[in-house]
Amino acid sequence: MDFFLTGKKTRRVFAREAFARQDLQGIDLDYFDLQWFASAEEEGRTEKASEHKLRKAREEGRVAKSQEISAALVMLFPVIALVILAPWYLKKFIEILRFFFDRCTSPEVDLGSFAYMFFRSMITMILPLGIIAMISGVLANIVQNRGFIFSTKPISPKFSKILPKFGEYFKKTLFSGQGAFNVLKSIVKVAFLFTMAFILIKNDLPKLLTLSNVNMWQGISHVAGMVAKLLIIAALFFLVIAIPDYLVQRHQFMESMKMSKQEVKEEYKNLEGDPFVKSRIKQYIRDLMSQNMSQHVAEADVIITNPTHYAIAIKYDREIMQGPMLTAKGVDSVAHRIKEIAKEHDVEIIENKPLARALYAEVQIGDIIPEAYYQVLAIILGQVYRMRAEKV
């Protein structure tokens, strides 16, 4: 049997043989979860995720997202705001220093008011940037999720979340493509930061060497400008990195959502038995058939009329249908139009007042005719087939 279809048990057998060849028989293989090394195909999940499964995962807050996008935006917008608001921040900073220096030289120092003013000043300066960072993070998630998702499931208390899952951690960091990709991202980001810092310092080195000749505030302003420039460039670079990261995350998410053939069958069976889903499917079929009434009337086997007020189109193909199907129906002007289309396409029109009224009242478009009417329909269809044979 194919190795990928034999499941976890067969993988254990192969693993035991591998360990045996390395003289590691003393290791308990039951300690290791060999599903770590199994891809979706190895686990038998070869089918794409259904819309129902993806919708359910979205309702639970499980969607493809990149933390790099959130991190880049949370870094970029506050730094831009800090650059724009730099004069205001400098003014507030000077006011805070002046206040504390004045109080420190006073013989009567109230430590309570001292601490209160300190925390109030810090909150006043930090709060705007914190709000901008929070809005940036929310915006990044809305863009990635293609809308706002509210779900309490990710934050609902679960005992399994309390205990550390070292196995899952090592699986994601050491034994997966995701772990290797994350390590590569980190190396690239650190290398970029060091490179950009080196270039900026090298280009501004002549000015940095002359900072001793200017006043303190000019020196602080120059260094702060360099740091802000570095942070903005870094945030833009991280945003560029976030694009392939999002594509990778989306691919891995879709891989994790794949289904086995058995899961697809079970889901279809469950959905098919759902009254709500069945009613929606039937309504969709009715709407579709109503929109294409002319085509369905032209393809019908017979039109049963009242003869004036009702017209019912019936089609039956014993090769693919469980029974005769009502493909179109109408009263008054619609019934008149059905009969006109039938005449244009040489569809037989049979008058049967009780049957036409009953089918119009009891059967919806796209539904199979109830068995109670099979006998009379058999007579009518037999008559239609004979009339066709005579024409030939």
Tell me the label-point distance for the pair GLU59, LEU247, using the 7 Å Cα-to-Cβ offset, in nm and rounded to one decimal. 3.3
Once the piece of chain linking THR210 and ILE233 is laid out straight, how much longer is it, given 0.36 nm per residue of separation minus the C-alpha distance between them? 5.8 nm
Efficiency of FRET between GLU390 and SER279 - r from beta-carbon atoms, R0 41 angstrom, step 0.05: 0.45
Along the Cα→Cβ direction, 7 angstrom out, place labels at PHE119 and GLU371. What is the inter-label distance in nm? 7.9
With 31 Å as the limit, write out which pairs from LYS65/LYS265; LYS56/LYS315; LYS65/LYS92; LYS91/LYS229 have Cα-Cα distances beyond it, or answer none. LYS56/LYS315; LYS65/LYS92
Qualifying GluC sites (Glu not before Pro) for the range 286-392 [loop in DSSP, other Cβ within 10 Å: at most 10]: GLU319
Using a simple spin-label model with points 7 Å from Cα along the Cα→Cβ vector, what separation in nm is obtained for VAL190 and SER260? 4.1
Would you kindly state how much longer the chain becomes between PHE101 and ASN141 on full extension, computed as 0.36 nm times their sequence separation minus their alpha carbon distance, in nm to one decimal? 10.0 nm
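Taken together, the values in this text are just the output of simple stated rules run on the coordinates, not laboratory data. On a predicted model such as this, the values are computed, not experimentally measured, just so you know. Here the Cβ is made from the backbone with ideal geometry for all residues, glycine too, and neighbour counts use every protein chain on show.
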